[in-house]
Amino acid sequence: MTTVLIDDIALLVTHDEERPEVREAALLVEDGVVAWWGEAASAPSADTRIDAAGGCVIPGFVDSHSHVVFAGDRADEFEARMAGRSYEAGGIRRTVRLTREASDEQLLATATRLVAEARAQGTTTMEIKSGYGLTVADELRSVRLAATLTTEVTFLGAHVVPEGDRDEYLDLVTGEMLDASAPHCRWIDVFCEAGAFTVDESRRILEAGIAKGLGARVHAGQLGLSDGVRLAVELGAASVDHCTFLSDGDVEALAGSDTVATLLPGVEFSTRQPWPDARRLLDAGATVALASDCNPGSSFTTSMPLMVAFAVRDMGMTPAEALWASTAGGAAALRRDDIGHLRVGARADLAILDAPSYVHLAYRPGVPLVRRVLSSERRDTPGLQQMQEYGKLV
Ligand SMILES: [Zn+2]
């Protein structure tokens, strides 16, 4: 048994129901699992000590929505949008062309760099979607490459319809392409939006994935009101993502369901759309997550602290709500209870901030406040978990 004690924590965020925050705290990790926490004065001894140096310790961010397997960038589109042009879903096809032309090594190098970039900002779990291949071979290699970086892989063959016949593509994405990709995935997703897939098409696609044993996720409500939100709830999707445009009925349906409303404010920043109204969802009783939606078209950032800052500044969330949504909320959106919190029994995935409180994540936007990131994922040897920092055992 290996024990690690993190002490001199100014503020520990546990997300424990009775004691969500502890001041002047310490946290004990045994074999990669949280074993104890409380006041530093009563901390037990351990094999290794990590000094938090008066910083705040938070659960690692759970980024439940990213598209990091791609090639090329679209900075020119961003520049044009900032000069007044509107966002269109069709830009995805440009990334598809470049992704198909790229080698496996190029795609993996980009995705690995982005995951490392996210990790340096406190993200310890990252969902990764396919969706820039849109052929059987290119979607298969996208999910295979993603699976080398995360266990949370999502098949998004239904990102847009590529050039060619629409009906034939729907047959492919619910048939051969799904069959090839599903063994490497946990989730299926569909972009249910004008310019992408209709509600009826989305239903067909999601039902095909569910029949293959995948969990459902949906992109809906990014560009306008859509029945995609209600479809997600009806099919028991783990999450419906964007939720920028919601009717009162949508909010009510989300509040009465297990489907998490995942807000992606990097998109609103980068496309100059209205911010999603987190307050309205929270007041109705819906579960809210925050995620980066890292992708080259509409949100090219891996920064979860930035999402927290947007949520607090412009979406009606308190700092505590935004931190919960970006950690425990992301875990709920991935139907995980071992991450996103630091209660006893949690996987010891956490970030030590160079700040006395998580409020600084929003109060000091754009500043690299994440000093250290520790995680205990050991996919190679399950059961033999130990804390790691940048791939090295602590
Ligand atoms: Zn997305």
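Just one of the numbered conditions (1) in the same structural domain as residue 291 (by TED's automatic domain parsing); (2) touching a residue at least 24 places away in the same chain (Cβ under 8 Å) is not true of residue 85: (2). Summed over region 7-47, the residues that are among the hydroxyl-bearing types (Ser, Thr, Tyr) and in contact with a His (Cβ under 8 Å, 6 or more places away or on another chain) give a count of 1.
Condition check: over 29 Å from residue 132 (Cβ atoms), crowded, with 22+ Cβ neighbours inside 10 Å and under 14 Å from the mean Cα position of the chain (by Cα). Does residue 323 satisfy that? Write out each step before concluding.
On the way: over 29 Å from residue 132 (Cβ atoms): yes; crowded, with 22+ Cβ neighbours inside 10 Å: yes; under 14 Å from the mean Cα position of the chain (by Cα): yes.
Yes, satisfied.
Of the strands (runs of 3 or more DSSP E) lying entirely inside region 220-312, those containing at least 2 residues that are touching a residue at least 60 places away in the same chain (Cβ under 8 Å), of a type in the set (A, V, I, L, M) and surrounded by 24 or more Cβ atoms within 10 Å (Cβ to Cβ) span 260-263. In region 224-246, the residue that is farthest from the ligand (Cβ to nearest atom) out of those that are more than 16 Å from residue 288 (Cβ to Cβ) and under 20 Å from the mean Cα position of the chain (by Cα) is 236.
Do we find that residue 13 is within 24 Å of residue 290 (Cβ to Cβ), buried (at least 24 other Cβ atoms within 10 Å of the Cβ), modelled with pLDDT of 95 or more and assigned by TED's automatic domain parsing to the domain that holds residue 128 in this structure? Judged against the criteria, residue 13 is not a match. Among the residues of region 62-94, the ones that are farther than 21 Å from residue 306 by Cα, modelled with pLDDT of 95 or more and of a type in the set (Ser, Thr, Tyr) come to 0 in all. Looking only at region 117-140, decide whether some residue is outside the structural domain of residue 389 (by TED's automatic domain parsing), surrounded by fewer than 24 Cβ atoms within 10 Å (Cβ to Cβ), within 27 Å of residue 87 (Cβ to Cβ) and in contact with a Lys or Arg (Cβ under 6 Å, 6 or more places away or on another chain). Yes, because at least one residue in region 117-140 is outside the structural domain of residue 389 (by TED's automatic domain parsing), surrounded by fewer than 24 Cβ atoms within 10 Å (Cβ to Cβ), within 27 Å of residue 87 (Cβ to Cβ) and in contact with a Lys or Arg (Cβ under 6 Å, 6 or more places away or on another chain).
The values are calculated or read from the model by the stated rules, or taken from the named source; none is laboratory data. Everything numeric here is computed off the predicted structure, so don't read it as measured data. For neighbour counting, all protein chains shown are included, and Cβ atoms are generated from backbone atoms with ideal geometry for every residue, glycine included.
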